[in-house]
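Participant: So that we are looking at the same thing, I have put the structure below in structure tokens.
Derivation of every value follows stated rules applied to the coordinates shown; laboratory data play no part. This is a predicted model, so every value here is computed, not measured. Quick reminder, even Gly has a Cβ in these numbers, built from the backbone with ideal geometry, and neighbours come from all protein chains shown.
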Amino acid sequence: MRILATGISKLKNTLIMKTNLPNHLASVIILLVAMSCSSKTVEEVRIRPVKYEEISLRGGLQKRTFTGTAQSGTETNLSFRLSGLITMLDADVGDRVQKGKLLGRLDMKDVELTYQKAKANVQSTQIEMQNTKSDLERTKELYQSQSASLDDYEDAKTAFANAQTSYETAVKELGLTESEFEYSRIRAPLTGVISSVESEVNEYINAGQTIVVMDAEDANIEISVGVPESFISMITNGQKAEVEINDNVITGSVTEVGYSSSGAGVYPVVIKLDENNSNLRPGMPASATLTFGSADTEPVLTVPVYAVGEDEKGNYVFALKGTDDPEVFLATKQTIEVGELTTNGFKIVNGLTQGEKIAAAGLHILLDGQKVKLLN
């Protein structure tokens, strides 16, 4: 900042000496120049991201390939049902464990104290119940021999009923406390492989927080891919796919079609493989090829309806032209001629060729010649 101020001061003095301008006018000129340079810098730095489409043939039988990753079809997140400090964790990534194995345990000091109090409460309430039962039996005999009043007999029955209720409540509380011993442990719910360990010993965790992630042994591998919005409506459950993963080509079927976008107009689609392969692991990169369209129709170049604007010259799109910077494109307003409207968009009569990239959103705010970057 000091260097910049010094430079501005020198420029101001030079301007006054050479032009004989008053001091306040020279200051205004310097300020305008600085603002102009600043605005130009901002314009150069701000490059608008845009969603885009690539012009392609639609109709007929077409294949499209989407990338994604492998995931386990039976992934299980394990957690404690109590909050506390982890004192034991016997789980490492890649371990094969049998169903029922103890994988983790929390500090039991507080639970043990609560358990001892609950156990003592059961014993005391049991003694009280036995005493009131004896009193009730004695009072009943006296009442039958007319040596005790009805009120005495009713009071004895009430005391026994209250003691019995207290005892039953104490037994239930003891049972809940005993359950906490099991809640403070994690056991393997199935035979499988540890795929992830999220915590460590001496870490304080909350109830329900994921500690260990397991995959079932020999679980089927699924492939999760991202599908653009222009294709998601064409995919249905049960649709066949050809998956390439780890140098293997395996067929599969679509089992899940995402309804909400996972970001940037991409929707998740899950494909279950038709056969299991012991060489495959969750997290491996994969690609899935799906077939669209019908053999009864001819493929034609189309442009999505939402990518076409209209002005006094007719229909137009913003074609995205490459620059010296591979990440920067020029949005060029380009007049096109469209034909009939199909389920895939307008047929292209003239103005666009296969493979061209066009802006798919924000036509009303883009400017001809504006620099943009592609939003993947």
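Participant: Please list, by residue number, every one of the GluC sites (Glu not before Pro) in region 147-208 that is coil in DSSP and has at most 16 other beta-carbon atoms within 10 Å.
Facilitator: Those satisfying the criteria are E198, E200, E203.
Participant: For V270, V201, what ranking results if the residue with the fewest other Cβ atoms within 10 Å of its Cβ goes first?
Facilitator: The fewest-first ordering by Cβ neighbours comes to V201, V270.
Participant: Ok, one more. Calculate, in nm to one decimal, what Q98 and T251 gain on full extension: separation in residues at 0.36 nm each, minus their alpha carbon distance.
Facilitator: That works out to 52.0 nm of additional length.
Participant: Same structure, new question: Please work out how much length the chain gains when fully extended from D90 to D110, using 0.36 nm per residue of separation minus the C-alpha to C-alpha distance, in nm with one decimal.
Facilitator: That pair, D90 and D110, stretches by 5.0 nm at full extension.
Participant: Give a residue-ordered list of calculated ³J(HN,Hα) values for region 230-237 (Karplus: 6.51 cos²θ - 1.76 cosθ + 1.60, θ = phi - 60°; whole Hz; x for Gly, Pro).
Facilitator: Result, rounded to whole Hz: 6, 10, 4, 6, 8, 9, 10, 4.
Participant: Tell me, what HN-Hα J-couplings in whole Hz come from the Karplus equation 6.51 cos²θ - 1.76 cosθ + 1.60 at θ = phi - 60° for each residue of region 137-143, using x for Gly and Pro?
Facilitator: 5, 5, 5, 4, 5, 5, 5
Participant: Which of D152, D368, D247 has the fewest other C-beta atoms within 10 Å, and how do the rest follow up to the most?
Facilitator: With the fewest neighbours first, D152, D368, D247 line up as D247, D368, D152.
Participant: Between E337 and E229, what is 0.36 nm times their sequence separation minus the Cα-Cα distance? Round to one decimal in nm.
Facilitator: 36.4 nm
Participant: I would also like to ask the following. Can you work out ³J(HN,Hα) from phi for every residue in region 118-127, in order, using Karplus 6.51 cos²θ - 1.76 cosθ + 1.60 and θ = phi - 60°, giving whole Hz and x for Gly and Pro?
Facilitator: 5, 5, 5, 5, 4, 5, 5, 5, 5, 4
Participant: Quick one: order Y267, Y259 by neighbouring beta-carbon count within 10 Å, fewest to most.
Facilitator: If I rank by nearby Cβ atoms, fewest first, I get Y259, Y267.
Participant: Work through the residues other than D311 whose Cβ is under 15 Å from its Cβ and net out their charges, Lys, Arg +1 and Asp, Glu -1.
Facilitator: Residues near D311 contribute -2 overall.
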